[in-house]
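Asks: Structure incoming, see below.
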Amino acid sequence: MPTFNSILVTGSQTINQDLQVNGNETIGVDLQVNGSQTIANSLQINDSASITNNLGVGGVIEAGDSVKAATQIMALNQPTLPAVLPALQQLLYYNPGVLNQPGLVLTGTSGNQYVLFVDDSGGTPNLAIQMI
């Protein structure tokens, strides 16, 4: 396998097998990897990224705009219940009205999209849902 200190690609780059980066990787426009990609430190994408199969991250994914998934975004660790008893809460439903409401966007069985968010305007946090 060839080893390089640096690679500069001014057009598109397509990799048909595996790409392994032992340091950092910065992508200005597009990168398409048809096999696997392993990055030891950090990955910075200045435009957009499309991943056909899986993206495994041991740390944090931080996005300035949106993270989209065709099926699921999962947290693999099991949550731990607090030692105190839970307060009885309800799910609040809001009719559409706030454009670009921040939150977790899910598609309902009817095909409509909904955003989940926490409403703590009354002092007690409630899980809220709003149709987009």
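The values are calculated or read from the model by the stated rules, or taken from the named source; none is laboratory data. Remember, predicted model here, so these are calculated numbers, not experimental data. Glycine also receives a Cβ, built like all others from the backbone with ideal geometry; neighbour counts cover every protein chain displayed.
Asks: Restricting attention to the stretch 76-93, report how many residues are more than 29 Å from Val60 (Cβ to Cβ) and within 25 Å of the chain's Cα centre (by Cα). I'd like the intermediate steps shown before the answer.
Replies: Here is the first cut: in the stretch 76-93, the ones more than 29 Å from Val60 (Cβ to Cβ) are 85, 87-88, 90, 93.
With within 25 Å of the chain's Cα centre (by Cα) added as a condition, the list becomes 93.
Residues that pass the stated criteria total 1.
Asks: Could you tell me whether Gly123 is surrounded by fewer than 10 Cβ atoms within 10 Å (Cβ to Cβ), over 22 Å from the mean Cα position of the chain (by Cα) and either at pLDDT 80 or above or not in a loop (DSSP other than H, G, I, E, B) (or both)?
Replies: Working: surrounded by fewer than 10 Cβ atoms within 10 Å (Cβ to Cβ): yes; over 22 Å from the mean Cα position of the chain (by Cα): yes; either at pLDDT 80 or above or not in a loop (DSSP other than H, G, I, E, B) (or both): yes.
Yes; evaluated as a whole, the condition is true for this residue.
Asks: Would you confirm, using the coordinates I've provided, whether Ser36 is more than 21 Å from Ser66 (Cβ to Cβ) and surrounded by 13 or more Cβ atoms within 10 Å (Cβ to Cβ)?
Replies: Values: more than 21 Å from Ser66 (Cβ to Cβ): yes; surrounded by 13 or more Cβ atoms within 10 Å (Cβ to Cβ): yes.
Yes: the conditions hold for Ser36.
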